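A short worksheet on the structure shown next.
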Amino acid sequence: MEALMQLLSWSMFCFILITVMFIARFYENKSRQKTLYQFYPLAIFLFLVAALIYAGKGGEFVGDFRGDAFFFLGGLLTSALVAYLFELMMGKR
């Protein structure tokens, strides 16, 4: 049951990332500035793989190197993409 709850919560997070991806795509279409929205599916994939790895461990959410590596890479990519989108949308201030 705990593994299912974790999987559901990470799926909801991925849904939020999909929403941000659509915002980035919309902004790119309207402003003609590159937002790199094509890389968001990679971040979503990394988070889902990590969530599946931890769900396969029975809900134990610590100590798996592969899962931690996927979460780290997904978080790093997401942070970079969102920071870049923020800079584009808000301008350099």
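The values are calculated or read from the model by the stated rules, or taken from the named source; none is laboratory data. Quick caveat, the model's predicted, so the values are computed rather than measured. As a convention, Cβ positions derive from the backbone with ideal geometry for all residues, glycine included, and neighbour counts pool all protein chains shown.
How many residues are within 16 Å of L4 (Cβ to Cβ) and out of contact with any Lys or Arg (no Cβ under 6 Å at 6 or more places or on another chain) when one looks only at segment 51-88?
Final tally of qualifying residues: 10.
Looking only at segment 14-30, decide whether some residue is assigned to a helix (DSSP H, G or I) and modelled with pLDDT under 90.
Start the filter on segment 14-30 by keeping residues that are assigned to a helix (DSSP H, G or I), which leaves 14-30.
If we keep only those that are modelled with pLDDT under 90 as well, we get 14.
Within segment 14-30, one or more residues are assigned to a helix (DSSP H, G or I) and modelled with pLDDT under 90.
Could you count how many residues in segment 54-78 are β-branched (V, I, T) and over 18 Å from L17 (Cβ atoms)?
Step one: of segment 54-78, the residues β-branched (V, I, T) are 62, 78.
Add one more test, that the residue is over 18 Å from L17 (Cβ atoms), and what stays is 62.
Total meeting the criteria: 1.
Only one of L46, L42, L81 is in contact with a Gly (Cβ under 7 Å, 6 or more places away or on another chain), under 14 Å from L17 (Cβ atoms), assigned to a helix (DSSP H, G or I) and among the aliphatic types (A, V, I, L, M); which?
Numbers: L42 fails: in contact with a Gly (Cβ under 7 Å, 6 or more places away or on another chain); L81 fails: in contact with a Gly (Cβ under 7 Å, 6 or more places away or on another chain).
Exactly one residue qualifies, and that residue is L46.
How many residues does segment 73-89 hold that are loosely packed, with under 13 Cβ neighbours inside 10 Å and either within 14 Å of Y27 (Cβ to Cβ) or hydroxyl-bearing (S, T, Y) (or both)?
Residues in segment 73-89 being loosely packed, with under 13 Cβ neighbours inside 10 Å and either within 14 Å of Y27 (Cβ to Cβ) or hydroxyl-bearing (S, T, Y) (or both): 3 in total.
Quick check on this structure: which one of K30, K57, K34 is surrounded by 12 or more Cβ atoms within 10 Å (Cβ to Cβ) and of a type outside the set (A, V, I, L, M, F, W, C)?
When all the criteria are applied, what remains is K57.
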